Amino acid sequence: MKTENRMTTLADLTIGNPKTVLNLTAVPLSGNPASTLDYLLIDEALESKKVIVEEVSEGGSVPELRMTNFAGKCVLIVDGTELVGAKQNRIVNASFLIPPESVTRIPVSCVEQGRWGYKGREFGASISHRTGSGGATPSSTRPRSGRTAGTPPSRGRSGRTWRTCLTRWRRPR
């Protein structure tokens, strides 16, 4: 399996003038029309078995998953994508363009309180997508759990995350 990064199209991007409204800044990016980037979205890659997302080990690790890209093209996984299965459903913490034919660890946050047991070995796509930074709090403010692989996450350390999840993702009644 190749591990080299064949991403050369980034050099073709032009960065435009940033636009700010309140606390949001958007920076326009434009590319060379002659340059194209061929990629799959994570949902289609999972469905066609061109990508496998799984726990990093038999014991698992709450904050990261292993993604193996068998495709001959990049796979785009977007911040907030929910992955379901394995030991616990997770939300991707940032957007990534995974290189072709590579193995990559991706940072995630758990969104399924109370379960830490296998529902199959691999993750699948969900119909849900969470807005914001995947996890309930930015990674710079998330405490490190210090737990050992194979043990369930501590509910005491997850309190702030779960309160934020309940507030942010509560379904309307």
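Here, each number is a calculation from the coordinates, and none is a lab measurement. No experiment lies behind these values; they were computed from the predicted model shown. Cβ placement follows ideal geometry from the backbone for every residue including glycine, while neighbour counts extend to all protein chains displayed.
Filter region 55-87 down to the residues that are among the charged types (D, E, K, R) and in contact with a Ser or Thr (Cβ under 8 Å, 6 or more places away or on another chain), then identify the one that is nearest to residue 97 (Cα to Cα).
79
Among the residues that make up region 98-109, is at least one of them closer than 20 Å to residue 124 by Cβ and free of Cβ contacts under 8 Å to residues at least 12 places away in the same chain?
No, the conditions are met nowhere in region 98-109.
Determine whether region 60-79 contains at least one residue that is surrounded by 14 or more Cβ atoms within 10 Å (Cβ to Cβ), within 30 Å of residue 16 (Cα to Cα) and among the charged types (D, E, K, R).
Checked region 60-79: at least one residue is surrounded by 14 or more Cβ atoms within 10 Å (Cβ to Cβ), within 30 Å of residue 16 (Cα to Cα) and among the charged types (D, E, K, R).
Condition first: among the small types (Gly, Ala, Ser) and closer than 15 Å to residue 130 by Cα. Can you find one or more residues in region 71-90 that meet it?
yes
Hey, can you tell me all the residues within region 80-123 that are under 11 Å from the mean Cα position of the chain (by Cα) and not in a strand (DSSP E or B)?
Matches in region 80-123: 80, 93, 94, 95.
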